[in-house]
Amino acid sequence: MTQPSPEATHGVSLFDARPFFEKAVVYGVQHGLLDQVKLDAMAEEAAKGMVQIARYFGSEYLRPELEKARDRLVNLVSLHLQDASGGDLRVAAELLRDHTLLSRSKAGSDLLKALIVMPQNSHFGMNERGAFSDRHLPQLARWSLASYADYQAEFRGRQHAVQVVEAALWCADQLGLSADDLQDAEPDAEAVIRTALLLAMARRKELPDWVAFEKLIHALRKKQPAPGLLTLPKNLPQAYHAVVETVRQSVLADWPRLLDARLAPRKLFDQMPAFMGRYFWLEDALSEVGQHDRNRSAAWDKLTQGHSDDGTVLTLCLCVAAGSAPKTLFTDKSAATLVRKIRKHGWQPELATQYLQAHAPEQHQDDLISLWQDFVYESQATLTSDRDSRLQDALALLRRECNVA
């Protein structure tokens, strides 16, 4: 077999596939950092360590398990040495010289355990909390045989998730929300930051429930602020600037939709897939019910013109039951016209009951419906009687029970 010429190998670097542990040992021997006594001690420790690792992950009595334990031992030591030395073989050899082999294996294992309990993504509901435990053993078994390059790639990804989560925790803390609260709510960390940025621009200092968040969006749409006003919080720690700036750019991308008054907030944030879970508000059913009640009460006050007396309610209901436009006051002439309509075409008292169920404040509905049904029971004969041709009895009834000017 002919050897390649020097020209053919010019510029080609040789790939050294040996474990970093082995490279460090060779370097240490060549440069007088590791003597024979140290090498013998390492060999003795390696035998003990293989048995311990085999026992930890399975059984020390099976040859395949011991062979895998040897690979794990070498890999764990290599992982620690390469990470701690930054790839410097002299530093790695000095670490072997100054410490026991088993302590270097444990240091590699600790690196992996720390990696495993790091967040895998920025969603609070999809990450475990707490220290490494037995339930993580299958992951440790897999990672103990992974390459340092795989470890680095995974660490970088998880480190980014950690930074986003920590930035979200900082933002939530500024708004009076604890880590436990976020864990219970299970939002995405970026959603917390997006909402925090909007609140900072609006100078709000509390994390909103849906009602308050919807009001925030309406306020922004009314003011139509320039995107440039969306800035990083002034007291944001420098360590979080990069991740929060990335999230800020995503809010700017949302800006046209956020300020589009044609899109109802509920539809935008709860029905459009691109925006579902993208922003965060506290789930407060009582608050939403309360707002619903307030809205209904306001609408009812508008219908009744702010009057809550029995005559106003009965006047309104009588119009609805007769199929006329709702009003809260009759003239003598309009009252007579309504009675004639009832006698000619009939009336439907149940329509007024349904109207009360749909429009009256819930806390008053039962009383108002009872008031209306009692009126129907007592007045039906008078309002529908053909014997009262001059409407004297019917109009007297309406003047007494309803609002007749």
Going through (1) buried (at least 19 other Cβ atoms within 10 Å of the Cβ); (2) more than 25 Å from Lys302 (Cβ to Cβ); (3) not aromatic (Phe, Trp, Tyr) one by one, Leu398 fails only at (2)
Subset of the range 104-134, residues within 25 Å of Pro187 (Cβ to Cβ) and of a type in the set (D, E, K, R), comes to Glu128, Arg129
The residue from Ser389, Ser379, Ser370 that alone is without any contact (Cβ under 8 Å) to a residue 40 or more places away in the chain and touching a helix residue (DSSP H, G or I) at 6+ places or on another chain (Cβ under 7 Å) is Ser379
Restricting attention to the range 361-395, the residues that are polar (S, T, N, Q), part of a helix (DSSP H, G or I) and surrounded by 12 or more Cβ atoms within 10 Å (Cβ to Cβ) number exactly 6
Would a scan of the range 327-350 turn up a residue that is open to solvent by 70 Å² or more (accessible area, probe 1.4 Å) and in contact with a Cys (Cβ under 7 Å, 6 or more places away or on another chain)? yes
Just one listed residue, out of Glu65, Glu94, Glu44, is in a helix (DSSP H, G or I), farther than 19 Å from Leu137 by Cβ and free of Cβ contacts under 8 Å to residues at least 12 places away in the same chain, and it is Glu44
- Is it fair to say Leu81 is assigned to a loop (DSSP other than H, G, I, E, B) and either of a type in the set (D, E, K, R) or modelled with pLDDT of 95 or more (or both)? no
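Residue-by-condition table, conditions (1) open to solvent by less than 10 Å² (accessible area, probe 1.4 Å); (2) modelled with pLDDT under 95; (3) at negative phi; (4) basic (Lys, Arg):
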| site | (1), (2), (3), (4) |
| --- | --- |
| Gly157 | no, yes, yes, no |
| Ala161 | yes, yes, yes, no |
| Thr195 | yes, no, yes, no |
| Glu206 | no, yes, yes, no |
| Lys215 | no, yes, yes, yes |
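The values are calculated or read from the model by the stated rules, or taken from the named source; none is laboratory data. Quick caveat: nothing in here was measured; it's all calculated off a predicted structure. Positions of Cβ are generated from backbone atoms using ideal geometry, with glycine treated the same way; all protein chains shown enter the neighbour counts. Just so you know, the surface numbers come from the protein's heavy atoms only, side chains and all, with ligands and any DNA or RNA stripped out. Shrake-Rupley method; radii C 1.70, N 1.55, O 1.52, S 1.80 Å.
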